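Just so it is clear, none of the values below were taken in a lab; they were calculated from the coordinates. Keep in mind that this is a model prediction, so the values were computed, not measured. Backbone-built Cβ (ideal geometry, glycine too); neighbour counts: all protein chains shown.
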């Protein structure tokens, strides 16, 4: 085998880096096994081209080759499998045909061919004479803000080809849910129907709301006077602020339920609730009046909320 | 041979590939790994496809649009070749004279 990397790339030893890149690119185009699946010699040519390019693209190894320190064979490249090697794998998910992954009935293929031949009235061959093929499903993933997912929204996906696709996020869409947009996949060939677009939704977490099933969880800070005396406060919900009455004597961790303020799923009547967990927040700077009052209060109101803490607990 | 690769395995196997490129290829569905509870699972076919994507984007400087077009054409080519192989297999089972007539019809251009 020829081991002169310059000759393999069709260059002379005075080639510039730009010429090396250009020659390599041209040869990859003509010899990549996946671009020439029927060419049995492509793999050997491509290996030689890649090895030659590996050696010459790096000025240091190129200089060592030019000085005769290393030979042109370079390092052995690891064994590689090409994509074409998987072309006849039965469960190839990428194959662009409806029903891939299922058993294809050969009779369907013959029927298609016969139909197209009848239409083509005497045209020879399969190509170009109306062989109809349905388009493939296209898969996308889409990150959606939390509130858009629970309330429903309309958005657009930008496709790899620069076009974009309108997506309606139904109310109550959950993380990981896949939406099917009929006919928005790959176009069919020869008049075949287009495939569907399958959009997997990832819901971006919210800093305040958390979704558990159809309920929304929220931790609400309250002052210690609100905790002791009770009071009316305003709570954010996914549909905007609502009033909430805090009962007197509410401790941290107590959960109040706002019925029907949770997630509504499209097409369902049942509504989730919003659960509000109270969290008592004590002022950082205690004023002297409060300190004096509590010092007095403590003297004849001794109680220990930890007295029963370990009662009944397992060892 | 192991046929399940995590995201980290893929980065270690396809040395030219950066994590952000991998995430991008998955996002735009140029590769479709299995989504399992523990994360993404790539198969050997995905590795081969990622090697091809690296060749096309790094050696041939294809941009995102061209990558999508080329991969889609290759996938369609694979499907067409499989249909052809199926057809050839079916023709092989036909009686000798029918095979001869099909052969003769294909010689005509």
Nearest 0.05, what FRET efficiency do residue A:16 and residue A:54 give at R0 = 22 Å with Cβ-Cβ as r?
0.80
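Quote the FRET efficiency, to the nearest 0.05, computed for residue A:285 versus residue B:20 with a Förster distance R0 of 56 Å and r equal to the Cβ-Cβ distance. List each step's numbers first, then the result.
Details: r = 47 Å, r/R0 = 0.85.
According to the calculation, E is roughly 0.75.
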Run the numbers on segment A:228-271 and let me know its relative contact order in percent, using alpha-carbon pairs under 8 Å that are six or more apart.
31 percent
On Cα atoms only, tilt of B:96-107 relative to the major axis of chain B in degrees:
70 degrees
For segment A:1-70, what are the per-bin percents of Cα-Cα distances with bins 5 Å wide, up to the bin holding the maximum?
3, 18, 29, 24, 14, 8, 4, 1
Please compute the modelled spin-label separation between residue A:67 and residue A:180, points set 7 Å along Cα→Cβ, answer in nm with one decimal.
6.5 nm
With a Förster distance of 60 angstrom and the Cβ-Cβ distance between residue B:73 and residue A:219, calculated FRET efficiency to the nearest 0.05 equals 0.70
Could you grab the relative contact order for chain B? Cα pairs under 8 Å, six or more apart, rounded to a whole percent.
21 percent
Going by the alpha-carbon gyration tensor, a ≥ b ≥ c the square roots of its eigenvalues, is segment A:168-242 rounded (a/c under 1.5) or, if a/c is not under 1.5, prolate (a/b greater than b/c) versus oblate?
prolate
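Dividing the alpha-carbon Rg of segment A:145-211 by 2.2 N^0.38 Å yields what? Let's see the in-between values first.
On the way: Rg = 14.2 Å, N = 67, 2.2 N^0.38 = 10.9 Å.
Working it through for segment A:145-211, the quotient is 1.31.
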Given Cα positions, please report Rg to Rh for chain B, the hydrodynamic radius being the Kirkwood one.
1.18
Give the Rg (one decimal place) followed by the Dmax (whole number) of segment A:189-315, computed from C-alpha coordinates and expressed in Å.
23.2, 91
Given 0.36 nm per residue, what is the gain on full extension from residue A:313 to residue A:251 after removing their alpha carbon distance, in nm?
20.1 nm
Given bins 10 angstrom wide, list per bin the percent of all Cα-Cα distances in the protein assembly as shown, short to long.
4, 14, 18, 17, 15, 11, 8, 7, 4, 1, 0, 0
Please report the antiparallel percentage of DSSP beta bridges with both residues in the protein assembly as shown, rounded to the nearest 5.
65 percent
Roughly how tilted is helix B:64-92, in degrees to the nearest 10 and between 0 and 90, from the longest Cα axis of chain B?
30 degrees
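Full-extension gain between residue B:8 and residue B:64, please, as 0.36 nm times their residue separation minus the C-alpha to C-alpha distance.
17.8 nm
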